[in-house]
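The values are calculated or read from the model by the stated rules, or taken from the named source; none is laboratory data. These numbers come from a predicted model, not from an experiment. Counting neighbours? That spans all protein chains shown, and the Cβs are built from the backbone with ideal geometry, glycine included. Heads up: the accessible areas ignore ligands, DNA and RNA and are worked out on the full protein's heavy atoms, side chains in. Shrake-Rupley method; radii C 1.70, N 1.55, O 1.52, S 1.80 Å.
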Amino acid sequence: MTYVVPNFFIDNKHQSLHQAGSLYCLNYMSKTKSDFVSIRTTMHCMIMMLEGEKIAHLKDGDISISSSEICFLTQNNYFLSERLTKEGKYKSLLVYFDDDFVADFVQKYKIDVRSSQQKDVVTVNYKRKEYYHHCLKDLSRYLMSELDAHFIRLKVEEILLHALREKPKELGQFLATILASSQDRIKYILESNIDLLKSIEDMYRITRLSEGALRRYIKKIYRVTPKVWLDRQRLERSVVMLKNTDQSISQIAAECGYSTVSWFIAQFKNQYGQTPKVFRNIEENI
């Protein structure tokens, strides 16, 4: 199973999840000895490890996040997350934030983010830095007491400012990467998670847009309705699978979100003028 976060925590009303404006903060604890799950992020994330260790198996390599380390991840990362406990304990603070938070942060503190280089992942070690420990303790306390969102936001900003002082170049590139792609954020979320979209409702959930907002966005960017866009994407995915996999027609239909094989065949023939089976046979003989 693939967990889309923070959507999973929000939709399931996780008891430790707190919303502070556009921020979603989570005090995460577990006594499970180990955990290995597939994760996708639809918001940018700051992982503050308190106890235990996490290994993120990213497409460009593995990132180990140990106790007393903070990891910053941009939205749209897809990775296998391996959680390791220390003496049966695992604790972390998670903060999910959007483009607007970054834009406001950069403007508020007049941060220079001019960079031609991109940085999707940055880690900072705070083991010997007392001010980090104070910040994390305060943030945990704020979340438990459910203080005003303003105080939580200020504490998150303070942690980010400390990280910028530690690694100004890397964090500057991280913030620049977010701002450079902010105009196409929804487009990235939809196109990179097409395999999870089986219905229009899935599009609403993964983008966290209302029906009207999503319809306006799809119309503006793709010049079609959400239903037409999704149908095209599913059929294009089926073409790739027919060409490059040995999966049966029924398996492909199911993976592309069609409730019945007959409906998939009818839609495919309507779009491409031939059945999926005929299409596959022709491709194999080319």
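Couple of notes before you dig in:
- Residue among 130, 82 that is farther than 23 Å from residue 183 by Cβ, among the acidic types (Asp, Glu) and within 21 Å of the chain's Cα centre (by Cα): 82
- Sub-6 Å Cβ pairs linking a first residue in segment 37-65 that is on the phi > 0 side of the Ramachandran plot to a second residue that is open to solvent by less than 30 Å² (accessible area, probe 1.4 Å) and β-branched (Val, Ile, Thr), at least 6 apart or interchain, number zero.
- Taking the listed residues 58, 17, the one that is closer than 17 Å to residue 155 by Cβ and of a type outside the set (Val, Ile, Thr) is 17, with no other qualifying.
- For segment 257-276, a tally of residues being of a type in the set (Val, Ile, Thr) and either loosely packed, with under 11 Cβ neighbours inside 10 Å or in a helix (DSSP H, G or I) (or both) returns 2.
- Among the residues making up segment 33-54, those that are farther than 17 Å from residue 8 by Cα and under 17 Å from the mean Cα position of the chain (by Cα) are 48, 54.
- Some residue of segment 186-207 being in a helix (DSSP H, G or I), touching a residue at least 40 places away in the same chain (Cβ under 8 Å) and of a type in the set (Lys, Arg): yes
- Single condition residue 120 does not satisfy, out of (1) open to solvent by 50 Å² or more (accessible area, probe 1.4 Å); (2) free of Cβ contacts under 8 Å to residues at least 40 places away in the same chain: (2)
- Members of segment 215-244 that are open to solvent by less than 60 Å² (accessible area, probe 1.4 Å), within 27 Å of the chain's Cα centre (by Cα) and over 19 Å from residue 202 (Cα atoms): 239, 241
- Residue-level check: of (1) surrounded by 15 or more Cβ atoms within 10 Å (Cβ to Cβ); (2) under 22 Å from the mean Cα position of the chain (by Cα), residue 279 misses just (2).
- Residue check for residue 155: within 25 Å of the chain's Cα centre (by Cα), modelled with pLDDT of 90 or more and open to solvent by 60 Å² or more (accessible area, probe 1.4 Å): no
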